[in-house]
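Before any comments, here is the structure.
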Amino acid sequence: MIREIGVDEITRQIRDMCIQANHYLSEDMVCAMKEATEKEQDPLGKKILGQLEENLKIAGEEMIPICQDTGMAVIFMEIGQDVHFTGGDLGQAVEEGVRRGYTEGYLRKSVVGDPLVRENTKDNTPAVLHTSIVPGDQVAITVAPKGFGSENMSRIVMLKPAQGVEGVKQVIWDTVQEAGPNACPPLVVGVGIGGTFEKAALLAKQALTRPVGEKAKDAHIRSLEEEMLEKVNRSGIGPAGLGGHVTALAVNINTYATHIAGLPVAVNLCCHVNRHVKRVI
Amino acid sequence: MEYRITAPLDKNVVKKLKAGDYVWISGTIYTARDAAHKRMQETLDKGQELPVDWKDNIIYYMGPSPAREGRVIGSAGPTTSSRMDPYAPRLLDMGLGGMIGKGKRSPAVSEAIVQNGSVYFAAVGGAGALLSRQIKKAEVIAYDDLGTEAIRRLEVEDLPVIVVIDPEGNDLYKMNAGNIIS
Ligand code: SF4
């Protein structure tokens, strides 16, 4: 059976999700921030984490965006193969949702049209849209506005297979070290290992949308996540990079098959304002 | 140490600030980020005057989200300072009193801070809703066409910041960096 979904419904959902994501963190992030504040022993670090919790409260209650960088809208759509979109162009409907969300929601317009000419598009479009076709007749939409303080400190490295897991650890460590205060710690560290050049980057981005606290399925990846989280938290960078024990809330690693000759590793850093809203329609 | 200070800055007050001090700023400060700095640079290159005399003033590297009706400003936290590094030494040499942002600075900026007895503060990144409460007045005074990147004059009350680079060149981030917790 084919299920019809009007594209205006997509516009409406995306509008609301852009606004929601920028004012309320998801439950997993709220819990992680609370735990971090309890765990932090450095007095300044604890004070800053307390301010960040207070910031979240003010944002939700007074409808002021959690951060003034309300991001570039990254959108994932998993589209059931039995869905038929009606009433217009899906891509345009997505853009319209972002446009309305950012203008009607008092969100900052942070997108320039041409990366070299750099003129602001004034409505935060275009979004970065990733679609995939999956079984079923539902559509899962994830809206993840991404700030560039942390995006700018991210990287991708094509390791040699011989560098193995130690090479991967080094890349993660170096990325966090170099980012230091710039990426607004406490961080969520999204890592993609394997695939091709672009697949690794996408895996890393998707890893950021995985709820904090949800571990990788493979045991060896899970232990790598735990090891790196512990290591990163011993770096001394701390909240806002001003020293302390909580530098990251999570290290989320996603993997994929790769070529016999390669070992791509991407590290996508996200600040504590790790925004992701998911809805299934 | 903790201090309450006023802006524009008094050089004698700046002199006693040390990396790691917690400071509340009240008074008048200005916003400027990437595009405004680029334009100021071009203006100076043409031998023209800047819209603000930076002497003893503070630049807050910040581009706010739009204000809702009846509000002074939207979310208003710091942006990454290093993108302004290519422009900062020139403004410091013109008397810029201090900067508020987040993240590391280049050696050239650090040197210019020492030479001019200036100071670099960090505000907490990602606390834009909280910080917006300390802003009592906001007005675009130049480069209106740059939207969020326009130069704004802000009246602030007890804006909380931390001294990262003091006038002697001590850098709090570097002091913490070697500090591996075992
Ligand atoms: S990195 Fe995150 S918290 Fe920091 S300014 Fe950008 S969006 Fe805000």
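The values are calculated or read from the model by the stated rules, or taken from the named source; none is laboratory data. Keep in mind that what you see is a predicted model, and the values were worked out from it rather than measured. When we count neighbours, we look across all protein chains shown, and the Cβ atoms used for this are built from the backbone with ideal geometry, even at glycine.
Summary table below
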quantity: Residue within the stretch B:19-26 that is within 19 Å of residue B:155 (Cβ to Cβ), in a strand (DSSP E or B) and not β-branched (Val, Ile, Thr) present; calculated: yes
quantity: Selection from the stretch A:84-105 of residues that are of a type in the set (Val, Ile, Thr) and either within 18 Å of residue A:20 (Cβ to Cβ) or part of a helix (DSSP H, G or I) (or both); calculated: A:94, A:98, A:103
quantity: Considering residues of the stretch A:243-258 that are buried (at least 23 other Cβ atoms within 10 Å of the Cβ) and of a type outside the set (S, T, N, Q) only, the residue farthest from residue A:50 (Cα to Cα); calculated: A:253
quantity: Some residue of the stretch B:111-120 being within 16 Å of the ligand (Cβ to nearest atom), surrounded by 24 or more Cβ atoms within 10 Å (Cβ to Cβ) and within 14 Å of chain A (Cβ to nearest Cβ); calculated: no
quantity: Residues that are of a type in the set (Gly, Ala, Ser) and part of a strand (DSSP E or B), drawn from the stretch B:127-154; calculated: B:138, B:142
quantity: Identity of the residue in the stretch A:101-137, among the charged types (D, E, K, R) and over 20 Å from residue A:280 (Cα atoms), that ends up surrounded by the most Cβ atoms within 10 Å (Cβ to Cβ); calculated: A:108
quantity: Check on residue A:264, surrounded by 18 or more Cβ atoms within 10 Å (Cβ to Cβ) and touching a Phe, Trp or Tyr at 6+ places or on another chain (Cβ under 7 Å); calculated: yes
quantity: Matching residues, the stretch A:16-65, being away from chain B (no Cβ under 11 Å), under 18 Å from residue A:187 (Cβ atoms), away from the ligand (no atom under 14 Å from the Cβ) and among the aliphatic types (A, V, I, L, M); calculated: A:30, A:32, A:36
quantity: Residue check, residue A:140 aliphatic (A, V, I, L, M), farther than 30 Å from residue B:149 by Cα and surrounded by 13 or more Cβ atoms within 10 Å (Cβ to Cβ); calculated: yes
quantity: Complete set of residues in the stretch A:1-11 that are part of a helix (DSSP H, G or I) and surrounded by 17 or more Cβ atoms within 10 Å (Cβ to Cβ); calculated: A:7, A:10, A:11
quantity: Selection count, the stretch B:76-97, where residues are farther than 17 Å from residue B:169 by Cβ, buried (at least 19 other Cβ atoms within 10 Å of the Cβ) and in contact with a Phe, Trp or Tyr (Cβ under 7 Å, 6 or more places away or on another chain); calculated: 4
quantity: Total residues in the stretch A:226-281, condition within 14 Å of chain B (Cβ to nearest Cβ), in a helix (DSSP H, G or I) and more than 16 Å from the ligand (Cβ to nearest atom); calculated: 4
quantity: Residue check for residue A:197: of a type in the set (A, V, I, L, M, F, W, C) and within 14 Å of another protein chain (Cβ to nearest Cβ); calculated: no
quantity: Filtered residues of the stretch A:146-170 (kept if over 29 Å from residue B:34 (Cα atoms) and touching a residue at least 12 places away in the same chain (Cβ under 8 Å)); calculated: A:158, A:159, A:160, A:161, A:163, A:164, A:165, A:167, A:168, A:169
quantity: Any hit, the stretch A:66-83, residues being in a loop (DSSP other than H, G, I, E, B), without any contact (Cβ under 8 Å) to a residue 60 or more places away in the chain, within 16 Å of the ligand (Cβ to nearest atom) and not hydroxyl-bearing (Ser, Thr, Tyr); calculated: yes
quantity: Residues that are farther than 20 Å from residue A:69 by Cβ and surrounded by 24 or more Cβ atoms within 10 Å (Cβ to Cβ), drawn from the stretch B:98-108; calculated: B:98
quantity: Any chance residue B:83 is at pLDDT 95 or above, closer than 16 Å to residue A:182 by Cβ, more than 8 Å from every other protein chain (Cβ to nearest Cβ) and part of a loop (DSSP other than H, G, I, E, B); calculated: no
quantity: Any hit, the stretch B:165-174, residues being within 7 Å of chain A (Cβ to nearest Cβ), under 26 Å from residue A:272 (Cβ atoms) and either in contact with a strand residue (DSSP E or B) (Cβ under 9 Å, 6 or more places away or on another chain) or not in a helix (DSSP H, G or I) (or both); calculated: yes
quantity: Residues being crowded, with 20+ Cβ neighbours inside 10 Å and within 17 Å of the chain's Cα centre (by Cα) - total across the stretch A:73-95; calculated: 4
quantity: Search result, residues across the stretch A:122-172 that are part of a helix (DSSP H, G or I), among the small types (Gly, Ala, Ser) and away from the ligand (no atom under 16 Å from the Cβ); calculated: A:162, A:164, A:167
quantity: Qualifying residue in the stretch B:58-75 (condition: out of contact with any Phe, Trp or Tyr (no Cβ under 6 Å at 6 or more places or on another chain), more than 16 Å from the ligand (Cβ to nearest atom) and among the hydroxyl-bearing types (Ser, Thr, Tyr)); calculated: no
quantity: From the options A:216, A:204, residue that is crowded, with 17+ Cβ neighbours inside 10 Å, in a helix (DSSP H, G or I) and not aromatic (Phe, Trp, Tyr); calculated: A:204
quantity: Selection from the stretch A:177-193 of residues that are outside any strand (DSSP E or B) and either surrounded by 24 or more Cβ atoms within 10 Å (Cβ to Cβ) or within 14 Å of the ligand (Cβ to nearest atom) (or both); calculated: A:179, A:180, A:181, A:182, A:183, A:184, A:185, A:186
